[in-house]
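The values are calculated or read from the model by the stated rules, or taken from the named source; none is laboratory data. All values derive from a computational prediction rather than experimental measurement. Please note: Cβ atoms are built from the backbone with ideal geometry, for glycine as well, and neighbour counts cover all protein chains shown. Surface areas here come from the heavy atoms of the whole protein model, side chains and all, with no ligands, DNA or RNA. Shrake-Rupley method; radii C 1.70, N 1.55, O 1.52, S 1.80 Å.
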Amino acid sequence: MSSYSARALHGHAVDTIGRRIISGQIAPGAVLDVDGLSIELNASRTVMREALRVLADKGLIAAKPRRGTYALDDSDWHRLDPDVMAWEFATGTLSAQRLEDFTELRRLLEPQVAALAALRRENADLALLDQALADMADANADTEAIVEADVRFHRALFAATHNVLIEQQGVLVAVGLQARDNHVHSHRISIKRGWDQHRAVADAIRAADARQAEEQMRSLIDAAARDVREIGPDTSDRPNNIPLQ
């Protein structure tokens, strides 16, 4: 779900270099061969300059006089950037702890988002939630269709708050959801078994019941977390771990 992968030369350069840094193909501290990359990617100096600026804004690279442009350590990456998150997931560097981090982020955001959506939703918002649920139900065993419908449901949930800043957080959650859903499906656990819980969230929002919407969303996230725990290594020794059940 990188926002750059579908764009022309500028986007291709950002996406290619970003993935190489995230995957470790370009190691932390390694100096980028900017001229070589420009030739490889068929990108002009102007295109490369803009691509490198974008990557610097994401915390992936830096530049110093007499050293040049070099890759930064993962402690410098802007983890909340949707592209950084998408590249981490897409390059296979996804870890059990990162999935747990994502679950904790969802627990902080989505129950409150659902509650606010219940108070502010309009008919158009309810229609989007219903359509996503219908598409999820009709997807059968089509993993891509199920994941796409699930992501649309949660994006519609954030949009139903009618708060543009909260809605932007839905982009971040959507990236993580796509990765989580694909991860779960790859272990033959169908995310469709959570359909009833999604329906319960939508019903509470339709009823303008903020408290119920919040509770149902917490239940949905807990179930999703159990799916991940079921297939992932035990991370219960993590310091200050928040119980998932």
- [ ] Run down GLU88, GLU110 and say which single residue is surrounded by 15 or more Cβ atoms within 10 Å (Cβ to Cβ), among the acidic types (Asp, Glu) and modelled with pLDDT of 95 or more.
- [x] GLU110
Open item on the list: open to solvent by less than 30 Å² (accessible area, probe 1.4 Å), modelled with pLDDT of 95 or more and either of a type in the set (Ser, Thr, Tyr) or assigned to a loop (DSSP other than H, G, I, E, B) (or both): is that true of ILE26 in this structure?
Closed with: yes
- [ ] Report, by residue number, each residue of the stretch 118-152 that is closer than 12 Å to TRP195 by Cα, touching a residue at least 60 places away in the same chain (Cβ under 8 Å) and surrounded by fewer than 17 Cβ atoms within 10 Å (Cβ to Cβ).
- [x] ASP130
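Given the structure, is THR69 of a type in the set (Val, Ile, Thr), at pLDDT 95 or above and open to solvent by less than 50 Å² (accessible area, probe 1.4 Å)? Explain how you work it out, then say what you get.
Details: of a type in the set (Val, Ile, Thr): yes; at pLDDT 95 or above: yes; open to solvent by less than 50 Å² (accessible area, probe 1.4 Å): yes.
For THR69, the condition - of a type in the set (Val, Ile, Thr), at pLDDT 95 or above and open to solvent by less than 50 Å² (accessible area, probe 1.4 Å) - is met.
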Task: Neighbours by Cβ (under 7 Å, 6+ apart or cross-chain): first from the stretch 169-183, touching a residue at least 60 places away in the same chain (Cβ under 8 Å); second open to solvent by 20 Å² or more (accessible area, probe 1.4 Å) and not in a helix (DSSP H, G or I) - done: LEU172/LEU80; ALA174/MET1; VAL175/MET1; GLN178/MET1; ALA179/LEU94; HIS183/LEU94
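Could you tell me whether any residue of the stretch 229-244 is assigned to a helix (DSSP H, G or I), touching a Leu at 6+ places or on another chain (Cβ under 9 Å) and either modelled with pLDDT under 95 or open to solvent by 80 Å² or more (accessible area, probe 1.4 Å) (or both)?
From the stretch 229-244, those assigned to a helix (DSSP H, G or I) are 229-231; that's our starting set.
Pick out the ones that are also touching a Leu at 6+ places or on another chain (Cβ under 9 Å) and you get 229.
Next cut, either modelled with pLDDT under 95 or open to solvent by 80 Å² or more (accessible area, probe 1.4 Å) (or both) only: 229.
There is at least one residue in the stretch 229-244 that is assigned to a helix (DSSP H, G or I), touching a Leu at 6+ places or on another chain (Cβ under 9 Å) and either modelled with pLDDT under 95 or open to solvent by 80 Å² or more (accessible area, probe 1.4 Å) (or both).
Restricting attention to the stretch 72-85, which residues are of a type outside the set (D, E, K, R) and either buried (at least 17 other Cβ atoms within 10 Å of the Cβ) or in contact (Cβ under 8 Å) with a residue 12 or more places away in the chain (or both)?
Initially, the stretch 72-85 is screened for residues of a type outside the set (D, E, K, R), giving 72, 75, 77-78, 80, 82, 84-85.
Passing the criteria: LEU72, TRP77, HIS78, LEU80, PRO82, VAL84, MET85.
Mind listing just one residue for me: the one in the stretch 42-66 that is out of contact with any strand residue (DSSP E or B) (no Cβ under 7 Å at 6 or more places or on another chain) and outside any helix (DSSP H, G or I) and, of those, most open to solvent (accessible area, probe 1.4 Å)? Write out each step before concluding.
Keep residues of the stretch 42-66 that are out of contact with any strand residue (DSSP E or B) (no Cβ under 7 Å at 6 or more places or on another chain), which gives 42-51, 53-54, 57-59, 64-66.
If we keep only those that are outside any helix (DSSP H, G or I) too, we end up with 42-44, 58-59, 64-66.
On the way: ASN42: 117, ALA43: 8, SER44: 58, LYS58: 13, GLY59: 5, LYS64: 111, PRO65: 114, ARG66: 241 Å².
Among those that are out of contact with any strand residue (DSSP E or B) (no Cβ under 7 Å at 6 or more places or on another chain) and outside any helix (DSSP H, G or I), it is ARG66.
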Open item on the list: Among the residues in the stretch 172-181, are any within 23 Å of LEU128 (Cβ to Cβ), of a type in the set (Lys, Arg), modelled with pLDDT under 90 and open to solvent by less than 70 Å² (accessible area, probe 1.4 Å)?
Closed with: yes
Open item on the list: Here are the criteria: (1) open to solvent by less than 40 Å² (accessible area, probe 1.4 Å); (2) polar (S, T, N, Q); (3) modelled with pLDDT of 95 or more. Tell me which single one ASN163 does not satisfy.
Closed with: (1)
Task: Check on PRO65, without any contact (Cβ under 8 Å) to a residue 40 or more places away in the chain and more than 15 Å from the chain's Cα centre (by Cα) - done: yes
TODO: Would you confirm whether any residue within the stretch 13-22 is modelled with pLDDT of 85 or more and polar (S, T, N, Q)?
DONE: yes
